[in-house]
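Report on the following structure.
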Amino acid sequence: MNKPLTAEAGEKKTELEFVPAIAVFHCRWCLPDSDSVRSLLNEEVAAKSVVIPLNCTARMEAEFAIKALSEGFDGILILGCEIGECHYRTGNHRALKRLLLLRDILALVGIYPERLGFFWVSPFDQENIRLTINEYLDKLQELGSFK
Amino acid sequence: MAENDERARIEEARRIASDLLENGVVMGVLGLRRVESHVEPYLFTTKDELRDLNISGRYAIARVAENLLRRWDEGALGIIIRGCDERHLIELSKKKSVDLKRIITIGLACTDHEAKECHCLRPYPQKIDVGKSIGDVDYQDHETLARLMEMDISERRRFWSDIFNRCIKCYGCRNSCPLCNCEDCRLEESRWVRVGEIPPEFPSFHLIRAFHMADKCVGCGACERACPMGIPLGKLHQLIREDMKRLFKYETGLNPEDESPLQNDLEKNPLEVQLDEL
């Protein structure tokens, strides 16, 4: 929260003014309510972002993420149950594999793989979810706009 | 010398094919024949026809075999195949659209020169009847693949977005691929790809196809040869194949019993990488 004092840090501040637009996909078993997921984002980001519930992260197709980038979103955030906690037993296993592969493919064509964030979270640790999201958003700010 | 080798190769292929035809074990032998300036797939049914046999052309012949077998209720098909054709047939058999028991292959090992041209990493079939295998090729031995890997991420972004911008959306990559054959294609749906717009938006069009092909592509390079705009799709797919090996230790077209790791849970196909390393 410290205000930047040096010129160098001041320059960095201008960069930080970039507000990323993100597409959030969340599992509705660990995070049932899209509005509370939205409330985990900071206000500026939330205003530019969409939050979409899925029945399971296994529903997350690579197309959703790829299309989001084409449509001008700067990042895609996927939140699902911890491995072993999936309501459908192994839905998130499949999602994990697909997303790992997609991340590699993005990197191959020069898209920062960090734009695709996927995190397996526990609904009982909201503080951790908030921290995870903030870390992800910080990274996106650093990367700047996708276009 | 090379010419003699080439002649010996084709004589050998002819001899095996005509033996198959004479013994009556196959309804015909599928291969390529030269017609004026190009080659085309042809079903050889007599010994005499084998005069026109060609084994230096490139053609993804598996789809022709698939259609022939579908048309015949029974009987076996002889087929002259390279390593990539064999992998196509194995992938098609995983989808139950080709019955490998009805196929007798005449395996053709690619020459060093051919392997280089295709940027092939596995330029030989499992059963080799003609020629001598040059063995596996490391992707770093292919200059362009190595160069792509050496680029840093922003160079890569520049390279691929420039190159994808050439795309005229002819769908040649999809149409030439024997394994890219969903009945309803996402690339034709306006929900995923804007209709009537060229070049297609980056990265939708190309990455959707790349992702769909990741656990099917056998690295034959047909898409790249089909592309009228010279987009090096084959190279992209070779690199994605390397990723599949690294992440899941999975390689397409090797064993008809293998299942795609993307279809299975982590118990059946565990990851080959540590998650916290990523």
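The values are calculated or read from the model by the stated rules, or taken from the named source; none is laboratory data. Here the structure is a predicted model, which is why all the values come from computation and not from measurement. A quick note on method: Cβ atoms are made from the backbone with ideal geometry, for glycine too, and the neighbour counts reach across all protein chains shown. The area values use the complete protein model at the heavy-atom level, side chains included, leaving out ligands, DNA and RNA. Shrake-Rupley method; radii C 1.70, N 1.55, O 1.52, S 1.80 Å.
List of remarks:
- Averaged over its residues, chain B has an accessible area of 50 Å² per residue, based on protein heavy atoms and a 1.4 Å probe.
- The GluC sites (Glu not before Pro) of segment B:1-100 that meet both conditions, a loop assignment by DSSP and at most 12 other Cβ atoms within 10 Å of the site Cβ, are B:E36, B:E74.
- Taken about its Cα centre, the protein assembly as shown carries a charge dipole of about 860 debye when Lys and Arg each add +1 at the Cβ and Asp and Glu each add -1 at the Cβ.
- Over segment B:140-272, the Kirkwood radius and the radius of gyration, each from Cα atoms, give a ratio Rg/Rh of 0.97.
- Counting Lys and Arg as +1 and Asp and Glu as -1 over every other residue whose Cβ lies under 9 Å from the Cβ of B:L148, the net charge comes to +2.
- Under the Debye formula (equal points on every Cα, no solvent term), log10 I(q)/I(0) of segment B:2-137 at q = 0.12, 0.15, 0.17, 0.22 Å⁻¹: -0.44, -0.69, -0.90, -1.48
- The listed residues B:D162, B:D85, B:D138, B:D129, once ranked by accessible area (1.4 Å probe) with the largest placed first, stand as B:D162, B:D138, B:D129, B:D85.
- Long-range Cα-Cα pairs in segment B:161-203 (distance over 17 Å), rounded percent: 35
- By the Cβ distance rule of under 4.7 Å, chain B has these cysteines without a partner: B:C110, B:C167, B:C170, B:C182, B:C185, B:C217, B:C227.
- Across every direction, the projection of the convex hull enclosing the Cα atoms of segment B:76-119 has a mean area of 3.3 nm².
- Per-residue mean of C-beta atoms belonging to partner chains within 10 Å, peptide B:265-272: 4
- Taking θ as phi - 60° and the Karplus parameters 6.51, -1.76 and 1.60, the scalar couplings of segment A:124-132 work out to 8, 10, 4, 4, 5, 4, 4, 4, 4 Hz in sequence order, x denoting glycine and proline.
- Links that overshoot a 20 Å alpha carbon limit, given the list B:K127/B:K249; A:K147/B:K216; A:K48/A:K139; B:K101/B:K268; A:K97/A:K147: B:K127/B:K249; A:K147/B:K216; B:K101/B:K268; A:K97/A:K147
- Equivalent-ellipsoid semi-axes of segment B:41-96, from the Cα gyration tensor, Å, largest first: 20, 16, 8
- A cut-off under 9 angstrom between Cβ atoms defines the neighbours of B:E259, and their net charge, with Lys, Arg +1 and Asp, Glu -1, is 0.
- Candidates per GluC sites (Glu not before Pro) in segment B:109-189, loop by DSSP, up to 10 other Cβ within 10 Å: B:E183
- The radius of gyration of the Cα set in the protein assembly as shown, together with its Dmax, comes out at 25.1, 89 angstrom.
- A simple rule links phi to the HN-Hα coupling: the Karplus curve 6.51 cos²θ - 1.76 cosθ + 1.60 with θ = phi - 60°, which for segment A:101-117 gives 5, 4, 4, 5, 5, 4, 4, 4, 9, x, 9, 4, x, 5, 5, 9, x Hz, with x for Gly and Pro.
- Surface share of carbon and sulfur [accessible, 1.4 angstrom probe, percent] for the protein assembly as shown: 49
- Kirkwood hydrodynamic radius of chain B, Cα pairs, Å: 20.2
- Buried between A and B is an accessible area of approximately 3300 Å², summed over both sides with a 1.4 Å probe.
- For trypsin sites (Lys or Arg not before Pro), the sites in segment B:73-159 that DSSP calls loop and that have at most 13 other Cβ atoms within 10 Å are B:K95, B:K96, B:K127, B:K132.
- Debye log10 I(q)/I(0) for chain A, one point scatterer per Cα, at q = 0.19 Å⁻¹: -1.15
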